[in-house]
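The values are calculated or read from the model by the stated rules, or taken from the named source; none is laboratory data. Since this is a predicted model, take the numbers as computed values, not measurements. Neighbour counts are summed over all protein chains in view; Cβ atoms, including those assigned to glycine, are modelled from backbone coordinates with ideal geometry.
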Amino acid sequence: MKTIIYNIGTLAGILPESKTMLKGSEMNHVECIENAYLTIEDGIITDFGPCNGGYIGIQNNPSHDCVAGPSPCGQGGSTVLDTNTTTEIEYIDAKGGFVMPAFCDAHTHIVYAGCRDGEFRDKIAGLSYEEIAARGGGILNSADLLHETSEEELYRQSMERVNEIMAMGTGAVEIKSGYGLTLEDELKMLRVIRRIKETTPLTIKSTFLGAHAVGRAYKGRQADYVDHICKDMLPAVAAENLADFVDVFTDKGFFTVEETDKILSEAAKYGIKPKIHANELAVSGGVQVGVKHNAQSVDHLEATTDAEIECLRNSGTMPTMLPGCSFFLGIEFGRAKDYINAGLPVALSSDYNPGSSPSGNMRFVMALGCIRMRLTPEQSFNACTINSAYAMGVSDTVGSITVGKKANLIITKPLPSLAFIPYSHQTPIIEKVILNK
Ligand code: NIG
Ligand code: FE
């Protein structure tokens, strides 16, 4: 099956195959073609280019141009047979809208049971995230709910959120465990993530986050819980091949650098690379230990000193910031601009979770990147697409308009500019989301 998207007002986010991330001033630019077409075969982008009165690549059929106006190919979405090749061709009329890569969300916790709307009231009344957690709420509250929820029901609830983010233009998502905190419940979460991988067109990476909080059974015995993660959980997770990455909440009141080092060293024995929660609540040393273990990304970074920026230079680790969490918790936003000015890359992701960011809307993330972190629309666009694809290890297959990559695309209504996407961030601009496995 071949698909031809024509009448594209602006094809945005074009990159050469060699670019798997953008750093420093490279983030200032989004390569676009005005009045373009794009072709897809078997889910892969096979060609694109300008199409002013032009010929769009259907051999021996020069009538298939895509000049604005009534389509020579029939109505948008129609399917015809190319008589020369007997290939079925689907035509999609982009009607002058943008076509851009689907968003990549490199940090989420979207598999969870129920919600924490009660804590929302506590938060509004003035309790901090740490105070709610210290009272036995927070992550442990979600762990209790998840324990009571069957795997089937957990899948059902999670799929509601998965469908929600797909409709909002997310095409690749990383999903963490970490609301189990017992061997059985962590495996339950990871099996649900595997089932979501199997049953949706999303590109999905799964992350084992047993070290999200100390499970209730280990209260007061944190060292024993870390041993349990290393000796029992990691081997079981690896045996079922359930995790692409390992994560640790390396932060004040959660796990120390030494404990993180121990867990990451153990995970390395199974070939599982880290992605780290670092510096959300305090400067924690999480960035340094992550870089030491060649982490794919270090995430949050709301609290950062210049030492973290220095440490990330010349590393292959993607600093990933989560402005939805800063917004919801009312804490500092990461110093994205300083990172970029220092020549580093930055990715933005949603952190979709019930406690600190109950939203997976990547367009809102892109808007917060601009409004609260002072990124330009181009920098924020790159942070939410190619760089967030890198942060979850999939930038060789998604995150840009590149021949050979998966055709995971958003088609929008006609827009005045790229800046309109984060500027008018509540306007429903998405016409169609195309996702291919
Ligand atoms: O990324 N910081 C740790 N984990 C999540 C919050 C999890 C929760 O509160 O349920 C985060 O913010
Ligand atoms: Fe998180």
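One residue alone among 206, 158, 150 is surrounded by fewer than 23 Cβ atoms within 10 Å (Cβ to Cβ) and within 16 Å of ligand 2 (Cβ to nearest atom), and that residue is 158. Taken over the range 261-289, the criterion of being of a type in the set (D, E, K, R), within 12 Å of ligand 1 (Cβ to nearest atom) and either farther than 16 Å from residue 245 by Cβ or modelled with pLDDT under 95 (or both) is satisfied by 280 alone.
Note on the range 351-365: among residues that are in contact with a His (Cβ under 8 Å, 6 or more places away or on another chain) and within 14 Å of ligand 1 (Cβ to nearest atom), the one that is nearest to residue 379 (Cα to Cα) is 351.
Whether any residue in the range 333-350 is part of a loop (DSSP other than H, G, I, E, B), in contact with a strand residue (DSSP E or B) (Cβ under 9 Å, 6 or more places away or on another chain) and either near ligand 1 (Cβ under 10 Å from one of its atoms) or hydroxyl-bearing (Ser, Thr, Tyr) (or both) is what I want to check. Yes, there is a match, as at least one residue in the range 333-350 is part of a loop (DSSP other than H, G, I, E, B), in contact with a strand residue (DSSP E or B) (Cβ under 9 Å, 6 or more places away or on another chain) and either near ligand 1 (Cβ under 10 Å from one of its atoms) or hydroxyl-bearing (Ser, Thr, Tyr) (or both).
Criterion applied to 419, 407, 389 was being surrounded by fewer than 19 Cβ atoms within 10 Å (Cβ to Cβ) and farther than 30 Å from residue 128 by Cα, and the one residue passing it is 419. When 315, 297 are checked against the criterion of being of a type in the set (S, T, N, Q) and either out of contact with any Ser or Thr (no Cβ under 8 Å at 6 or more places or on another chain) or surrounded by fewer than 19 Cβ atoms within 10 Å (Cβ to Cβ) (or both), 315 stands alone in meeting it. The condition of being more than 16 Å from ligand 1 (Cβ to nearest atom) and either over 30 Å from residue 399 (Cβ atoms) or in contact with a Phe, Trp or Tyr (Cβ under 8 Å, 6 or more places away or on another chain) (or both) holds for residue 183. Can you tell me which residue within the range 83-125, out of those that are in contact with a Ser or Thr (Cβ under 8 Å, 6 or more places away or on another chain) and assigned to a loop (DSSP other than H, G, I, E, B), is surrounded by the fewest Cβ atoms within 10 Å (Cβ to Cβ)? Among those that are in contact with a Ser or Thr (Cβ under 8 Å, 6 or more places away or on another chain) and assigned to a loop (DSSP other than H, G, I, E, B), it is 114.
Pairs meeting the criteria (first residue in the range 225-247 and surrounded by fewer than 18 Cβ atoms within 10 Å (Cβ to Cβ), second residue not in a loop (DSSP other than H, G, I, E, B), beta carbons under 7 Å, at least 6 apart or on different chains) are 232/183; 236/183; 236/187. Within the range 1-26, being among the hydroxyl-bearing types (Ser, Thr, Tyr) and either in a loop (DSSP other than H, G, I, E, B) or modelled with pLDDT under 95 (or both) holds for 18, 20. Count of the range 392-404 residues, restricted to those that are surrounded by fewer than 24 Cβ atoms within 10 Å (Cβ to Cβ) and either of a type in the set (Lys, Arg) or at positive phi (or both), is 2. For the range 228-285, a residue qualifies if it is more than 16 Å from ligand 2 (Cβ to nearest atom) and among the basic types (Lys, Arg), and the qualifying residues are 231, 262, 269, 273. Restricting attention to the range 334-363, the residues that are closer than 26 Å to residue 400 by Cβ and under 18 Å from the mean Cα position of the chain (by Cα) total 16. Looking across the range 129-146, the residues that are in a loop (DSSP other than H, G, I, E, B), over 26 Å from the mean Cα position of the chain (by Cα) and not basic (Lys, Arg) come down to 136, 137.
The rows are residues; the columns are (1) assigned by TED's automatic domain parsing to the domain that holds residue 383; (2) under 21 Å from residue 283 (Cβ atoms); (3) within 12 Å of ligand 2 (Cβ to nearest atom).
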residue	(1), (2), (3)
302	yes, yes, yes
312	yes, yes, no
317	yes, yes, no
333	yes, yes, no
343	yes, no, no
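In the set (1) over 19 Å from residue 350 (Cα atoms); (2) assigned to a helix (DSSP H, G or I); (3) of a type outside the set (A, V, I, L, M, F, W, C), the condition left unmet by residue 149 is number (2). Residue 414: out of contact with any Ser or Thr (no Cβ under 8 Å at 6 or more places or on another chain) and in contact (Cβ under 8 Å) with a residue 12 or more places away in the chain, yes or no? Spelling it out, residue 414 is indeed out of contact with any Ser or Thr (no Cβ under 8 Å at 6 or more places or on another chain) and in contact (Cβ under 8 Å) with a residue 12 or more places away in the chain. Restricting the range 130-154 to residues that are within 10 Å of ligand 1 (Cβ to nearest atom) and at pLDDT below 90, the residue that is nearest to residue 184 (Cα to Cα) is 137.
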